[in-house]
1. From (1) assigned to a loop (DSSP other than H, G, I, E, B); (2) in contact (Cβ under 8 Å) with a residue 24 or more places away in the chain, pick out the condition that doesn't hold for B:P436.
2. Kindly indicate the residue of the stretch B:348-363 that is among the hydroxyl-bearing types (S, T, Y) and touching a helix residue (DSSP H, G or I) at 6+ places or on another chain (Cβ under 9 Å) and also surrounded by the fewest Cβ atoms within 10 Å (Cβ to Cβ) among those meeting that condition.
3. Residue under question is A:W250, and the condition is that it be part of a helix (DSSP H, G or I), under 16 Å from A:S161 (Cβ atoms) and within 11 Å of another protein chain (Cβ to nearest Cβ); does it hold?
4. List every residue pair whose Cβ atoms lie under 9 Å apart, where the two residues are 6 or more positions apart in sequence or sit on different chains, the first residue falls within the stretch A:255-275 and is more than 20 Å from A:D185 (Cβ to Cβ), and the second residue, located anywhere, is of a type in the set (K, R).
5. Within the stretch B:324-344, work out how many residues are at pLDDT below 90 and in a loop (DSSP other than H, G, I, E, B).
6. Select from the stretch B:244-262 the residues that are more than 14 Å from every other protein chain (Cβ to nearest Cβ) and surrounded by fewer than 19 Cβ atoms within 10 Å (Cβ to Cβ) and write down the one among them that is nearest to B:Y126 (Cα to Cα).
7. Got a sec? Which of B:Y410, B:Y511 is among the aromatic types (F, W, Y) and farther than 30 Å from B:F205 by Cα?
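The values are calculated or read from the model by the stated rules, or taken from the named source; none is laboratory data. Everything quoted here is computed from the prediction, not taken from an experiment. So basically every Cβ, Gly included, is an ideal-geometry build from the backbone, and we count neighbours across all protein chains shown.
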Amino acid sequence: MVNSNWLMVSQVANYHLLFTIYHLPFIKTMTRYIIRRSLQSLLLLWIATLIGFSIYQAAPGGPLQFMDDDPRRNAEDLNRLNRLYGLDRTILVEYVSWSFGEDWLPATPFWQSGRCMNDVQNCSRGITRLDFGRSFYFQGESVISLIVERMPATFLLAFTSLVLSAVIGVPLGIISALTRGRWPDNLIRVSTVVINTVPDWWIGLLLLIILGGYLQVVPLSGMQDIGDGSFWDRVHHLLLPAVVSSIGGWIGFSRILRFEMLEVLNQDYVRTARAKGLSQITVIVRHVLRNAMLPFVTSFGSIFLLVLSGSVLFENVFSWPGMGRLAYTAINARDYPLMMALFVIGSFLGILGVLMVDILYSVVDPRVRYDRQRV
Amino acid sequence: MRDRGNVRYAAPLLLMSLALFLSSCSAPAAPAAAVAPAAEATTTTATETITETTTTVTATTASTVTQATEQSSAAQAGALSGITVTSDEDVTIPRTHIGGEYKDVSSSDAVSFHPYLTTDAASSSYQGLVYSGSLLRLDEETLDYIPNMAESYAIAEDGLTFTFHLRQNMQWSDGQPLTAQDFKWTYDQATNPDNAFPYLSQLGFITSYEAIDDYTLQIKIGEIYAPALGQMSGLITPLPKHIWENLPWGDPEKNPEINSPSVVSGAYKLVEWKRDQYVTFAANENYWYKGSPNLASYTIEIVPDQDIEYQKLKSGEVDTGYIPPEKLEEARTLDNVSVYEWWPAAASWSYIGLNMRAGFVTNDINVRHGLAYAIDKQLLTDEVMLGQAKRLCSVFPETSWTYNPDVPCYDYDPDTAVAEFAKSGYTFSDGQMLDPEGNQVTLKLVYGPNTNKVRELIAVTVQDYLSQIGINVEVQALEWSSFLDAIQAEEPDWDMFIGGWSSTIEPHIMYTIWAEDSIPSLNSVAYINKDVEQLFQAGGATYDTAVRKEKYGEVQKLVAEDAPYIFLFYNKAWSGQNKRVQGIDPKPLGIGWNFEDWYVQE
């Protein structure tokens, strides 16, 4: 008895040891890989901010352009405000101030903004110290708090729309694959393409006017009724915008599913399962979907990030207080801190998303992993 | 299989991030979102003329800071030096129809409730609801200045000292008395250069601003300045000193009053503000002007799409909303909506600016006259503006007290147009207008923003008319900032541009547009006429309205003769209101002047 227990324990220990030894190279390469990719991503992000900064500064206008066609302003006011906000500094200095802060720079008008020189508490500390600055258009409100205020609305819409895309796209893809070549497949493929060619905000506006204006079954605007805000009220408001914004995902999900399913359906082990006598449904669920989900899951990641940007036209139509509208307001007002913050966050999410998908894919698919070792 | 090479997709990734950004900011091109950025953004003198009229009902109440500078000096009739004006209005009689809810919409949200840091119309309208603004206000009939927060005012013999006696019953919403100390303290803060008041220079004419006692304000100015009364009484909206003096003036992170004012003097108190979604206000029982306003609750919902705004008005979800000009016919027939229309005293008007610099074809006065005759401005007014505008011939529209009808107006006459060109050696032959060297005349016309349908229509119509007299016109549409850059360039490359101004009730404010010093920023056409400048200065240096009217009348004549602009038309204003809202009475000041007296009847 004792012997067999001891045998079992030692077998388990053996197994663990062998497992570690077997995977050690993998862990080492994965770590090196992750570190390398992360550093590359950081570099990419930095280059992106440089480019973004230059483009925004190069565009005509600036945060004080609201004064341009106002007969009540004069040059003295403009100069005073330019100095106060440090907009009269050279672009390079402004970039350094934005990324590394201005509190460590010499206290001269060339280096620091007027409000920094007036009170050291007003100096920006730079994004490297996670100070995204204060908005010009919103008169000094912290950029991060403005963005965070809008994030829930955009995330809610993006997430729900993504889920709906999958919920509608996946069955469409399955039906398409199963009825390959016949009319349901053709219908699905053609209609998803056609619907996708029409801009989502246009469909949204049309449906909103019909369903909201004439039939009055959905609300015409906003995330909630004023004074309400209960769960069902929010669902009611979310319904149409989420469905309409999910349209873009139908074609993606249905195509991926169709492709994967078709690939897998022809594999030997599926034919084996069918030959064994398993019913169609069991075959699909157990074998096909499990394997088809793999690339599907990894694409999920990148599609999600695209949705997060928030389309301004779409948000305008539905009066949805999201990040898209914020970006549009910021750009029209040439509010540099807000624009740059949105740009950085957007780029960061984009780069992070691809990085994550990459790593996930490497972990999950051994074939790719071993190829990489040589690369 | 799917090899994701490390660096290979860096470039597309970058492009993707940029695309993420650009896609979220693509300019709306559809009629559904035809609001010009100008109207959405910050200027109160928005040159997007049609769309700005109806979304902010209360922007016309005299208590807003920016409105304050559009003051009438018809008032000066009562403000000749050495005069005292006392009000006999009884502001203690309470209103009688208290109760009910009013739902408004707006296409853009306010920036903040800080009267000295914001310049956009939406912020002004919110501020106007909670902060009572002015010592004086405009009488809705005569457009004179009448006492408001001050129950009387006096102007000394020399015309340089103004004394205001405040009403003694005014309170803040927390019960504290509203006194001259609040005015004085607010003035000191606003004029502190570190406090970044965008219109600080507008207060430059004031040399001294003192509170003689708790209910008396004395303001001194350096020299006689016609708009003085209006500006001094309107630019300073008092803030509660006892609340604000312990808070940093301009930091919304540390001063909660900026975004969430807790102690106010106006008709309404702020209840809730969800940025970019909605804002709700409740009546303020301590409001000094006849107590609580009738409408007990006032909400504004932010609906950026103007077609949806109109739908909401139609369905009764909101009590007022934007009516697009093409829907005006239909709106007038709706069961549940009344459409109010009026000709505003502070009208917005449109024009075509002609480049007067040397080396440009339009430098020649005969050419400018020729162009003016060649375009059918009446048709533009009738067809493009759908009858919601009237012809304008010079600097001030018909609704201004300075209006002079006796100016050249260049009615449509293509033959006279050709004759004018001929005076300078141009010849019209074979369908082409040739300059003295025999080359066809080509002109460049720019307009902005490129999303503005009205301007687009004007541009192509002008192009068409000028082609009929053989002139080739090249039209270029520009994005708003690029447009401003183009017309304000030191060395521009355009011959004509389409522009607009919002005129002010106080005529003197329009002076800067015609001054040589303002080239090229406000005086984009580079118009130089010293006589006009002298007339403006003379008009601004006296309080005598008869003299002023004569001077400004002369200005209109000279400018119309010189034709630096082809004056087009000025706009009518309209507003759709649900029929359940009563008490509305349109005047040249608008419909919001008596907003506190409106009530609902179900």
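1. (2)
2. So in the stretch B:348-363, the residues among the hydroxyl-bearing types (S, T, Y) come out as B:348, B:350-351, B:362.
Remaining after also requiring touching a helix residue (DSSP H, G or I) at 6+ places or on another chain (Cβ under 9 Å): B:350, B:362.
Details: B:S350: 27, B:T362: 21.
Here the residue is B:T362.
3. Working: part of a helix (DSSP H, G or I): yes; under 16 Å from A:S161 (Cβ atoms): yes; within 11 Å of another protein chain (Cβ to nearest Cβ): no.
Answer is no for this residue.
4. Pairs that qualify, where the first residue is more than 20 Å from A:D185 (Cβ to Cβ) and the partner is of a type in the set (K, R), are A:A273/A:R286.
5. 1
6. In this case the residue turns out to be B:S262.
7. Details: B:Y511 fails: farther than 30 Å from B:F205 by Cα.
Result of the check over B:Y410, B:Y511: B:Y410.
A quick yes/no check of all residues on (1) hydrophobic (A, V, I, L, M, F, W, C); (2) closer than 19 Å to B:N255 by Cβ; (3) at pLDDT 85 or above; (4) assigned by TED's automatic domain parsing to the domain that holds A:L338:
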site	(1), (2), (3), (4)
A:L84	yes, yes, no, no
A:D103	no, no, yes, no
A:P106	no, no, yes, no
A:Q121	no, yes, no, no
A:R134	no, yes, yes, no
A:F138	yes, yes, yes, no
